Number of protein chains: 6
Amino acid sequence: MSNALYPGSFDPVTYGHIDIIKRAARIFDTLTVGVLNNNVKSPLFSVEERVKMLQTACAGIPNVSISSWQGLLAEYARQAEVDVIIRGLRAVTDFEYELQMAQTNKKLNPKVETVFLTASLEYAYLSSSVVREVAAFGGDIGIFVPDFVAREIYLKLRPEGVSGRAEDKDTDNEQ
Amino acid sequence: MSNALYPGSFDPVTYGHIDIIKRAARIFDTLTVGVLNNNVKSPLFSVEERVKMLQTACAGIPNVSISSWQGLLAEYARQAEVDVIIRGLRAVTDFEYELQMAQTNKKLNPKVETVFLTASLEYAYLSSSVVREVAAFGGDIGIFVPDFVAREIYLKLRPEGVSGRAEDKDTDNEQ
Amino acid sequence: MSNALYPGSFDPVTYGHIDIIKRAARIFDTLTVGVLNNNVKSPLFSVEERVKMLQTACAGIPNVSISSWQGLLAEYARQAEVDVIIRGLRAVTDFEYELQMAQTNKKLNPKVETVFLTASLEYAYLSSSVVREVAAFGGDIGIFVPDFVAREIYLKLRPEGVSGRAEDKDTDNEQ
Amino acid sequence: MSNALYPGSFDPVTYGHIDIIKRAARIFDTLTVGVLNNNVKSPLFSVEERVKMLQTACAGIPNVSISSWQGLLAEYARQAEVDVIIRGLRAVTDFEYELQMAQTNKKLNPKVETVFLTASLEYAYLSSSVVREVAAFGGDIGIFVPDFVAREIYLKLRPEGVSGRAEDKDTDNEQ
Amino acid sequence: MSNALYPGSFDPVTYGHIDIIKRAARIFDTLTVGVLNNNVKSPLFSVEERVKMLQTACAGIPNVSISSWQGLLAEYARQAEVDVIIRGLRAVTDFEYELQMAQTNKKLNPKVETVFLTASLEYAYLSSSVVREVAAFGGDIGIFVPDFVAREIYLKLRPEGVSGRAEDKDTDNEQ
Amino acid sequence: MSNALYPGSFDPVTYGHIDIIKRAARIFDTLTVGVLNNNVKSPLFSVEERVKMLQTACAGIPNVSISSWQGLLAEYARQAEVDVIIRGLRAVTDFEYELQMAQTNKKLNPKVETVFLTASLEYAYLSSSVVREVAAFGGDIGIFVPDFVAREIYLKLRPEGVSGRAEDKDTDNEQ
């Protein structure tokens, strides 16, 4: 029996993440999606908001749970009692950084293996930062994230004090 | 008939940029050089200064025009009614980032193709940031940028309040 | 006015090639697809067969013509009087080899530019050799090449002396 | 419950392979090591010899079995009823080729995931071909392969007709 | 007779740096380790502290001296009258950046060669920033840096105002 | 005092090799250029011819000697009593292969360091195989190799039995 952890920032969750989650959940007995609480960077969404969006996105997958963490990944993996860390691989630059992380984590916690899934081709160049940037300039992000995530992003990016939140009305219906 | 757009920061324009501009201008019917007005980063030169330097550098090429833009490149390409986005490729790290940009832009604006020219070998490792860094420490940048650009950089980097701007006098003569 | 050349082995043509041809034909005034007559390697299809398959695949694109060549690409580009050599970029290994070819060709024929288009994501890892290998083991290649090409491959790979060429009957209908 | 397949040539098995096998066997319920019967290349060892060496090397790992295959990996994975294909990642050149194989196999058999383990640092640049080359010139391969494999290699590489197979006498003792 | 310079931030020195220093000191007649005084970034240790740690770490190597510098590396190499700049290569991302630096420095100071040593495999993915990050979260860094460096890091990272600096007592003994 | 070895096939020597030789000869006390006698591949020039061409090309450099070798590089380095193996780095694909060779050689002969020089930009994509291929199709190789090497290549590639060897007349004059 193998328990896996898929760590990341998920700021916000994209179709690329959801694809990895679904595929990893088929391979491993349980999958914990771990949202990194990185208090150095200024994220678009709070950890709580990111956890909630992931819970909505993964609602239909029984062996997936969402959690959050801070500190060293190797230490979190030890506490969460997982056997495997899952990472999605996209491009060569990813690959180098991921190898460094995997080798460092193996030194810090030799019991945990890092295994890599390749991003599906349609999401091969998708990242949360691309989504945030496209959204910030008013571009269409419906091909990158689920509708309910897109609405959350536009709400977040909207100038404060705006009234008449028309989009909110649709939220319940579409999910 | 194909109209091309060469987007970038051009802070400042280098011999590497000028080489790409000349080569792209021979291939495409018109070429717009688009200076990115990125108000997040703190550039060395204002957008207006960068546009003006490019106009000087491209003065002799009839089918090249200089413009500026902000927001999404895919949207700017749509408004500028270009068929092609030009990018210069230097190294592998470039390549990965450029592929990501090209694939994202294709999703956002399927009508525009991104085409890549390879940097000429002599400029293969040249970038605006290298030029700025060398200049900041008083190194010779005459092999990286035209003389009139070099003078602008030294003026910009000079401590404020210095009088007797001798270099300015030469500017008109040398161009 | 820019005339482009898309050189390659095309043994056989794949959906990846066809995608590049269609996109390049929209950008340049004319596009010559040049089939390399490389008499060192032992190809699956003869040059004549490869030219014929490309002609079928490109039948609907008015500014595309199919040709064949041998010798130096830089010399062929000179004789064909093209301004641009088109290459599709897939991965990092491609990129290095393509840069080498582009720089060498530029030294041998400075008048011709090599420009790169990125492979569409769905064809990012497709190559003629993958198609040949999958077909050789009886795998389904219908997602990699047009039906009429798939039939030609299976005919070519079939043990000699087999009669009753049932597949041929479908050929005319499906094209 | 997940069943995994680790395909390869294993000509011969190295400490790098054994490291991947041990780590994969801890993660997955069963692991089949599949020796590729590639009748095109001329291997150093026959498929039967390679299977036998792997059986010796993996004797102590209960959930590992050794098998051989030819044809398409995607088809073999289907017949072997595995959920996961295991590959070891070493360097960037590996990475590109492995991505191509993984994406192709996913198209041919969408039910099977390819997952990657990173080679342990001490074996990061080890390959069977390096072992064969070092051995062919009489170099010490004891740091690359188990002793019983080293002896098999030297026997194989010895000029034919040599009698007095002194090394064989040690084989039983050392395993 | 060749004199070499090994420039870097060394914030702090790691076993990876020490490995490169020892190997370079065997090849070249003299080796100067040059600590970059980069007043833009906010380092963990001051230049003086970093120089002192390097002096301790290199105490037993007669032809190594420690120094500090700011400005252009090419200019510093000229003033230090070295023939060679040493750099350690780890991964592909390193490689691209290092090539850019080497080519730029060659243009600025053609008399100085940049030569690369490969990181030993066991330190292939080690960097000062990894060490700082692991230490910041309380992880064990004893496998990455000498003990006296580890103690300095923990002292530096400790919240201010803490009294009873027990670790300091051990420092003199262990060096 | 450091003695260096620059191993390779040199089939034939190019301006890229000569550039590395000149630069390495300035750094190290002695430099041996070692021509690999690889009896598996079918080279264009014999080892004796390659050694002779290198001797001509390096005639003016006092601390350079030319030799040939076969077998394991690590073993040859031991016999030649060198401290350093020199390799030129061009591109990422090179880099991966070179790292593998360096790490393997270090395991086989820990006393010898592999150090890398970067190819000068103008020769960054030059290789002996490109030279052979361009020459085979009658292209101009005068920008890639010295004139006396170019003449040797054309002689070698000429169909046998051709009389009136006009080129030979110039050979003595130009060297």
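The values are calculated or read from the model by the stated rules, or taken from the named source; none is laboratory data. All figures in this text were calculated on a predicted structure; none of them were measured in a lab. Ideal geometry is used to build each Cβ from the backbone, glycine not excepted, and the neighbour counts take in all protein chains shown. Just the protein is used for accessible areas: all its heavy atoms, side chains included, with ligands, DNA and RNA removed. Shrake-Rupley method; radii C 1.70, N 1.55, O 1.52, S 1.80 Å.
Can you name the residue in segment C:106-120 that is out of contact with any helix residue (DSSP H, G or I) (no Cβ under 6 Å at 6 or more places or on another chain) and more than 19 Å from B:MET101 (Cβ to Cβ) and is also nearest to the other protein chains (Cβ to nearest Cβ) among such residues? The qualifying residue nearest to the other protein chains (Cβ to nearest Cβ) is C:LYS107. For F:ALA77, state whether it is in a helix (DSSP H, G or I), within 18 Å of F:VAL35 (Cα to Cα), small (Gly, Ala, Ser) and open to solvent by less than 10 Å² (accessible area, probe 1.4 Å). Criteria met by F:ALA77.
Select from segment A:29-39 the residues that are polar (S, T, N, Q) and in contact with a strand residue (DSSP E or B) (Cβ under 9 Å, 6 or more places away or on another chain) and write down the one among them that is least open to solvent (accessible area, probe 1.4 Å). That would be A:THR32.
For F:TYR154, are the conditions met, namely being within 14 Å of chain E (Cβ to nearest Cβ) and either in contact with a Pro (Cβ under 8 Å, 6 or more places away or on another chain) or closer than 21 Å to F:VAL13 by Cα (or both)? Give the derivation first.
Values: within 14 Å of chain E (Cβ to nearest Cβ): no; either in contact with a Pro (Cβ under 8 Å, 6 or more places away or on another chain) or closer than 21 Å to F:VAL13 by Cα (or both): yes.
Spelling it out, it is not the case that F:TYR154 is within 14 Å of chain E (Cβ to nearest Cβ) and either in contact with a Pro (Cβ under 8 Å, 6 or more places away or on another chain) or closer than 21 Å to F:VAL13 by Cα (or both).
Restricting attention to segment C:2-28, the residues being under 20 Å from C:ALA74 (Cα atoms) and open to solvent by 30 Å² or more (accessible area, probe 1.4 Å) number 2.
Looking at C:SER42, is it open to solvent by 10 Å² or more (accessible area, probe 1.4 Å), among the polar types (S, T, N, Q) and at pLDDT 95 or above? So that I can check it myself, show each step before the final result.
Details: open to solvent by 10 Å² or more (accessible area, probe 1.4 Å): yes; among the polar types (S, T, N, Q): yes; at pLDDT 95 or above: no.
No, not satisfied.
Matching residues to (1) surrounded by fewer than 16 Cβ atoms within 10 Å (Cβ to Cβ); (2) without any contact (Cβ under 8 Å) to a residue 60 or more places away in the chain; (3) in contact with a Lys or Arg (Cβ under 9 Å, 6 or more places away or on another chain):
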position: D:LEU54; (1), (2), (3): no, yes, no
position: D:GLY60; (1), (2), (3): yes, yes, no
position: D:ILE85; (1), (2), (3): no, no, no
position: D:THR114; (1), (2), (3): no, yes, yes
position: D:TYR123; (1), (2), (3): no, no, yes
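I'd like the full set of residues that are assigned to a helix (DSSP H, G or I) and either within 7 Å of another protein chain (Cβ to nearest Cβ) or surrounded by fewer than 17 Cβ atoms within 10 Å (Cβ to Cβ) (or both), limited to segment C:125-135.
Start the filter on segment C:125-135 by keeping residues that are assigned to a helix (DSSP H, G or I), which leaves C:128-135.
C:SER129, C:VAL130, C:GLU133, C:VAL134 - these are the residues of segment C:125-135 that are assigned to a helix (DSSP H, G or I) and either within 7 Å of another protein chain (Cβ to nearest Cβ) or surrounded by fewer than 17 Cβ atoms within 10 Å (Cβ to Cβ) (or both).
Kindly provide the set of residues from segment F:136-151 that are within 11 Å of another protein chain (Cβ to nearest Cβ) and either closer than 30 Å to F:ASN3 by Cα or of a type in the set (Ser, Thr, Tyr) (or both), ordered by number. First the steps, then the outcome.
In the first step, residues of segment F:136-151 are kept if they are within 11 Å of another protein chain (Cβ to nearest Cβ); the result is F:136-144.
Answer for segment F:136-151, where residues must be within 11 Å of another protein chain (Cβ to nearest Cβ) and either closer than 30 Å to F:ASN3 by Cα or of a type in the set (Ser, Thr, Tyr) (or both): just F:PHE144.
D:GLN103 passes every criterion in (1) surrounded by fewer than 19 Cβ atoms within 10 Å (Cβ to Cβ); (2) within 14 Å of chain A (Cβ to nearest Cβ) apart from (1). Quick one: would you say A:GLY34 is of a type in the set (Gly, Ala, Ser) and part of a helix (DSSP H, G or I)? Taking the combined requirement at face value, the residue does not satisfy it.
Restricting attention to segment F:62-76, which residues are touching a residue at least 40 places away in the same chain (Cβ under 8 Å) and either charged (D, E, K, R) or more than 12 Å from every other protein chain (Cβ to nearest Cβ) (or both)? Can you show your working first?
Just the residues of segment F:62-76 that are touching a residue at least 40 places away in the same chain (Cβ under 8 Å), to begin with: F:64, F:69, F:73, F:76.
Hit for segment F:62-76 is F:VAL64, nothing else.
Here B:ASP94 fulfils each of the conditions (1) in contact (Cβ under 8 Å) with a residue 60 or more places away in the chain; (2) of a type in the set (Asp, Glu); (3) not in a loop (DSSP other than H, G, I, E, B) apart from (1).
Looking across segment A:82-99 at every residue that is more than 8 Å from every other protein chain (Cβ to nearest Cβ) and at pLDDT 95 or above, the one that is nearest to E:GLU96 (Cα to Cα) is identified as A:ARG87.
For segment B:107-134, filtering for residues that are touching a strand residue (DSSP E or B) at 6+ places or on another chain (Cβ under 7 Å) and more than 17 Å from F:TYR123 (Cα to Cα) leaves 6.
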